[in-house]
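K.L.:
Take this structure first; my questions come after.
What follows draws every value from the coordinates through simple rules; no lab data is involved. None of the values given here were measured: they were computed from a predicted structure. Cβ placement follows ideal geometry from the backbone for every residue including glycine, while neighbour counts extend to all protein chains displayed.
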Amino acid sequence: MTETTNIQKQTNFDVIVIGAGHAGCEAALSSARLGKKTLILATNLDTVAHLACNPSIGGTAKGQIVKEIDALGGEMAVNTDKSLLQLRMLNRSKGPAVYSPRAQVDKFAYHTNMKHTLESTSNLYLRQGEATDIEVKNDGYSVRVATGLTYSAKAVVVATGVYLNSKIIIGKYVNECGPNGFVSATKLTDSLIGLGYQIRRFKTGTPARINARSIDFKSTSIQCGEIDMPPFSYINDNKNVKQHPCYLTYTTEATKDIILKNKDKAPVFTGEISGIGPRYCPSIEDKVVRFSDKERHQIFLEPEGINTQEIYVQGVSSSMPADIQYEIYRTVKGLENVEIMRDAYAIEYDCIDSTILYPSLMSKINTGLFFAGQINGTSGYEEAAAQGIMAGINASRFIEKKEPIVLQRSQAYIGVLIDDLTTKGTNEPYRMMTSRAEYRLILRQDNADLRLTEIGKQIGLVDDTRYNIFCAKNQQLKEAETILNQILKPAQINPVFVKADEAEVKTGITIKAALKRAKITVAILEREFGLFKDYMPQVKEQIEIETKYEGYIAKEKEKIAAAVKTENKTLPVELDYTKISGLRKEAQQKLNKIRPLTLGQASRISGVSPADISVLAVYLMGNGKHE
Amino acid sequence: MEKIIALSTPQGRGAIAVLRFSGEGIKEKLKKYFSPFPSQANQLKAGKINLDGITDSAMLVYFDAPKSYTGEEMAELHIHGSPMLIKTALEIFLSDGFVMAQNGEFTKRAFLNGKTDLARSEGLIDLIDAESQSALKAASDLAQNKLGKKIKNLQSELTDIRALIEATLDYPEEDLEGTQLPSIEKKLQNIIFELQQLLKTASDGKTAKYGINIALIGNVNVGKSSLLNALAGFDRVIVSAEEGTTRDTVTESILYKGLRFNLTDTAGIRETKNEIEKIGISRAKKASEDADLVIYVIDEPIIPLEYQEIKKPKLLVFNKTDQLGQFIKADVNLSAKEGTNIQLLKEVIYNKFNGEGILSADILLTSSRHVSCIKNAYNAVKQANENLYSLTMDIIASFVNEAWLSLGQITGETDTQTVIDEIFSKFCLGK
């Protein structure tokens, strides 16, 4: 082998992923696992899968997303299980549509485990280097890094997170760096502007990290995990992990006083910070000023890892000067003698307007250039990872000249997320919430595998192990259906009803009908009749939810069926909407900007009315261009 | 796809009205209402329509999928153009699983079902445009009036409740002072009450828009036709001393202080062997069943047994005071022939139907689409309230959401972002 071919081997790729955060890791892994020679670049390899804020994965809507990534064959859930400190199911009392798994993880283990996975994945090349230029070539792109090396690829995924021209702000102190003091990427923004992208400035923030030995845990309350919960990934069975607690405490009246007294020093109020911050993630100064009648705010103390004393203080994100931060933190119950190790800070960064992307996450102005994660205006590890896996999949399919995979709003939170981003865009960092999903009862954490494994299999990311587990679950569910339709005689079921304080029956009823009763559970049926005894716990959960909520689930399914034709009707990409006379001006402009791929997507653009959709339908009908 | 229905002839009085249907399963549904049902597609057949007991002649044609305009099962029902009949028909179909078609929806469906053989029609676009203009105007009229404001208020109260619930669902780790169930319950009950009040105005709205349907009933030759003529102010009906002159029902509308009286003269009720008169008499009975008010005319000072059996708003009118004097037990004593006390009768009717109140009312529901949206909202809120303490909050949220969307179909506000904005303006959330 000659010297040149060896160098070419190191510089020519199918896909280059810029950034190794949560979006970049999923993008690179899915691309490599689909057989594409993939390069993943990080400004610093110690930032791979860095949890820059909470040491936790999941939560409402986010937990569902992680399960969906898992079902498609992604890495986030697996890596979470490997790095687990604690697992809980949020919203237990509020109904299955909003059950949401949330994990505390060891942030150092999370990084190391993910990095190790990247390193040991074939076709995948992990490389330190700050990307400075993306250049359009005949057959793809070249990406130059700061040291001067140039790499080429047929497709590129930009997943720079919060690193573009980022600066952190602590009072008057401003440092042009990324999270946690990591270097920021200062050149790539210009390259993107040169390619035609409009840059926006968003901001977010993180609380201080404190030393556990300085906390008076006696004046806090302990928060333990759930021991019987199934792990995050559908393929894992590691039930008996040692779990570590979190602690709950509160701000006091004094917290408010100190913040109000020092309001003039807060960069959010002095104008030091200009970026648009998320309303759902306010700093403590924001909270106190905007919700001044609230007496106290809840604070969670979360361990950053096993081999460290550092504690994350959820609820006290701030950009106040470092000395004021001390004063504020000391007013929190149990933190009277707090030892701050890392200051809280606000961070500002560059991102793009996500409506410039197709629902495949490929740019409308650069074929083969994909964007994923916080650069698209989202917030959160899970939202980033979700875009990452889809961008990786679609970059790979782009190279193979296959149709992109676009998940529907009725299929996954990932579908809701990407549809919102590419159809409506966002004016603040976008966080997924269950209330954004119109089919919340269908998009549950317990059935993400049933919704998406088959799709992951077709894509090629679901391996045999995962598929076999999925098939076994399906098999049990099928058997369960037969069992549920069997009849119980009054003599059999009435004693059970009496015991559970349910009304007795005079004629036989199906097991399903019995289970629909509020106080009858699968556990009771198992205990009394030995039903579903050897079934997987996940299957039992499914049976219970699908039976008890059958009517409501059916109603949502009807709505999905009613919308399906509009969703599936495709629109030609090159259509000039200003030429369609019946459309209102506003609709023409919006449609020309967004270039929706389906009539369904068009109908969700704000400013496009049902009448516009009908006009569009008639126009297309006449032109016969719609298939 | 939902089963949709629309009135495809212009609103208002016409000789014939055509109702159009599209969607899977409409044929089966319509079989309940129309017989004999056409044995073949594409053939317009005469028959009888039965709408909750009201029967009338009608014609129906159906089309099989995909050989129809929309590509779905379709039907057209031709009925008499009486506004009351149209309204009744729409109400019955809407409560039986049909929904009102949106502007251009038939055309949209045609497109969705790939009916590409149809030539592109500018005319169609113009039509949709016109419809959407008039819908826009209707919407802006609505926004101006008190009904529109009322509905907007109710929707924003529902937004409040949604924000309360959604905040606890999306931010369980936050300290949101419990789920505030009692406060949600109070709000829901208030909305239920308001929606109930609104629905009550639907019958007043009907009166305002379509008038009061009044049947003149009585034995033969008591002077019902003379009374109708006297009320109308001209000779609408042939009168004669011969018993049984009026053999069919005759309808005439008059305006009194802005309120419409739809008067129906009927054949006198008596035992008869004359076939035509028999049909007339049975129509008279029918007319009295369909009426909002029965005016029972007598010319003897006796309260007839039949009058006592009438179970709806009624007036006993003693005619021929010029010959027979007064009957103290009658509601109105008058002489149709002389024109005495005719005005008094009109005033009595007007007051009986709260004419003053109706014509000065702030809010009246007059559109059956609005009534159906409000009914849906009402049912959903009721479900939320009844199950507040027994079902999980995710389901309660879906009821509240459904109600919110139903009202949104009137106000045009259906974007979830409103609720999310409300959550963040109300609650302190996040890290």
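K.L.:
Give a residue-ordered list of calculated ³J(HN,Hα) values for segment B:153-165 (Karplus: 6.51 cos²θ - 1.76 cosθ + 1.60, θ = phi - 60°; whole Hz; x for Gly, Pro).
P.N.:
Karplus values, whole Hz, x for Gly and Pro: 4, 4, 5, 6, 5, 5, 4, 3, 5, 4, 4, 4, 6.
K.L.:
To the nearest 0.05, what FRET efficiency results for A:SER219 and B:ASP421 with a Förster distance of 41 Å applied to their C-beta separation?
P.N.:
0.65
K.L.:
With each run of n ≥ 4 DSSP H residues scored as -39500 (n - 2.57), what mean residue ellipticity at 222 nm is computed for chain A after dividing by its residue count and rounding to the nearest 500 deg cm²/dmol?
P.N.:
My calculation for chain A gives -11000 deg cm²/dmol from helical runs alone.
K.L.:
Summarise the partner chain shielding of A:561-569 as one whole number: the mean count of Cβ atoms from other chains within 10 Å of each residue's Cβ.
P.N.:
Mean shielding count: 3.
K.L.:
According to a simple spin-label model (label point 7 Å from Cα along Cα-to-Cβ), what is the distance in nm between B:GLN197 and A:VAL573?
P.N.:
Going by the 7 Å Cα→Cβ label model, 5.6 nm.
K.L.:
In nm, what is the difference between 0.36 nm times the number of residues separating A:THR521 and A:THR186 and their Cα-Cα distance?
P.N.:
Between A:THR521 and A:THR186, full extension yields an extra 114.8 nm.
K.L.:
While we're here: In the protein assembly as shown, if the dipole is taken from +1 on Lys/Arg beta carbons and -1 on Asp/Glu beta carbons about the Cα centre, which of A:GLY196, A:GLY171, A:SER283 is farthest to the positive end?
P.N.:
In the protein assembly as shown, that residue is A:GLY196.
K.L.:
Could you check the spin-label model distance between A:ILE306 and A:ASN592? Points 7 Å from the Cα along Cα→Cβ, value in nm.
P.N.:
A separation of 6.0 nm, rounded to one decimal place.
K.L.:
Please find the FRET efficiency linking A:ASN468 to B:ASN351, where r is the Cβ-Cβ separation and R0 is fixed at 51 Å, and quote it to the nearest 0.05.
P.N.:
Efficiency computed from Cβ-Cβ geometry: 0.05.
K.L.:
Stretched out fully, how many nm does the piece from A:ASP264 to A:ASP323 gain, at 0.36 nm a residue minus the Cα gap?
P.N.:
Roughly 19.8 nm would be gained on extension.
K.L.:
Scanning chain A for trypsin sites (Lys or Arg not before Pro) in DSSP loops with at most 13 other Cβ atoms within 10 Å, what's the longest stretch left with none?
P.N.:
Of all site-free stretches, the longest is A:1-171.
K.L.:
What FRET efficiency would be calculated for the residue pair A:ALA146, B:LYS209, taking the C-beta separation as r and a Förster radius of 60 Å, to the nearest 0.05?
P.N.:
Plugging the Cβ-Cβ distance into 1/(1 + (r/R0)^6) gives 0.20.
K.L.:
Residues in segment A:290-317, backbone N under 11 Å from the label point at A:GLU339 (7 Å along the Cα-to-beta-carbon vector): list them, ranges by number please.
P.N.:
Those under the cut-off are A:309-310.
K.L.:
How many nm is it between the label spots at B:LYS48 and B:LYS146, if each spot is 7 Å from the Cα in line with the beta carbon?
P.N.:
With each label point 7 Å from Cα toward Cβ, the separation is 4.5 nm.
K.L.:
Pairs to check: A:LYS137/A:LYS424; A:LYS489/A:LYS519; B:LYS150/B:LYS186; A:LYS516/A:LYS540; A:LYS555/B:LYS48. Give those whose C-alpha atoms are more than 23 Å from each other in this structure.
P.N.:
A:LYS137/A:LYS424; A:LYS555/B:LYS48
K.L.:
Let me ask something else. Considering only DSSP beta bridges with both partners in the protein assembly as shown, what is the antiparallel share in %, to the nearest 5?
P.N.:
70
K.L.:
What do the square roots of 5 times the Cα gyration tensor eigenvalues come to for chain A, in whole Å, largest first, as semi-axes of the equivalent ellipsoid?
P.N.:
39, 35, 26
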